[in-house]
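Asker: Quick one: the structure is below, and I'll ask about it shortly.
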Amino acid sequence: MSLAVVSMLLTGLSSLAARLVDETRTQIVADAAALAGVIGGESLARRVAGMNGAVLCEYVNEEVVAVQVCIRSTMALAYAREQQDDGMPTLKP
């Protein structure tokens with residue numbers, strides 16, 4: 001294989017890897033922002049997104065908190081809700 005072909009392949013692979021990292025990072029930040037929204041509302045969700053290099057593009061709090069987070073050209077959605085529970089069922093005798 002020539003050096004030019006190897007160089008093109010490596011460039012393509014690095015672009016793909018960077019895109020996958022951006023998508024994964026954006027989803028993780030969206031999940032964290034949604035959970036923060038359950039605990040502290042929109043202001044905390046916005047703060048968590050910002051601390052992770054993202055922008056909170058949309059926030060809805062009805063029965064479920066829904067957020068849309070953007071990092072560069074990547075966008076992710078996440079949902080969270082508060083659940084009252086008597087404990088973990090696996091820990092009950």
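Asker: So if each residue of separation counts as 0.36 nm, and I subtract the Cα-Cα distance between C57 and D85, what length gain in nm does that give?
Answerer: On the way: separation 28, 0.36 × 28 = 10.08 nm, distance 3.10 nm.
Contour length minus the Cα-Cα distance gives 7.0 nm.
Asker: Regarding the stretch 1-79, what whole-number volume in Å³ per residue does the convex hull of its Cα atoms give?
Answerer: Details: hull volume 5.6 nm³, N = 79.
Measuring per residue, one finds 70 Å³ for the Cα hull of the stretch 1-79.
Asker: Taking the chain as the reference, fit the longest principal axis to its C-alpha atoms, fit the long axis of helix 3-51 to the helix C-alpha atoms, and give the angle between the two in degrees, 0 to 90, nearest 10.
Answerer: It works out to around 20 degrees.
Asker: Separate question: Compute the signed sum of charges (Lys and Arg +1, Asp and Glu -1) over the other residues within less than 12 Å, Cβ to Cβ, of T26.
Answerer: That sum, taken over residues with Cβ under 12 Å, equals 0.
Asker: So, one more: Among V55, V29, V21, which one shows the highest mean-square fluctuation when the chain is modelled as a Gaussian network with alpha-carbon springs under 10 Å?
Answerer: V21
Asker: Over the chain, what is the mean sequence separation of C-alpha contacts under 8 Å (at least six apart), divided by residue count, expressed as relative contact order in percent? Before the final figure, lay out each step's value.
Answerer: Working: 121 pairs, mean separation 23.4, N = 93.
Across the chain, relative contact order equals 25 percent.
Asker: Between T24 and V5, what is 0.36 nm times their sequence separation minus the Cα-Cα distance? Round to one decimal in nm. All intermediate terms of the calculation are to be shown ahead of the outcome.
Answerer: On the way: separation 19, 0.36 × 19 = 6.84 nm, distance 2.87 nm.
Roughly 4.0 nm would be gained on extension.
Here, each number is a calculation from the coordinates, and none is a lab measurement. Not measured: the values here are computed from a predicted model. We place every Cβ from the backbone using ideal geometry, glycine too, and count neighbours over all the protein chains shown.
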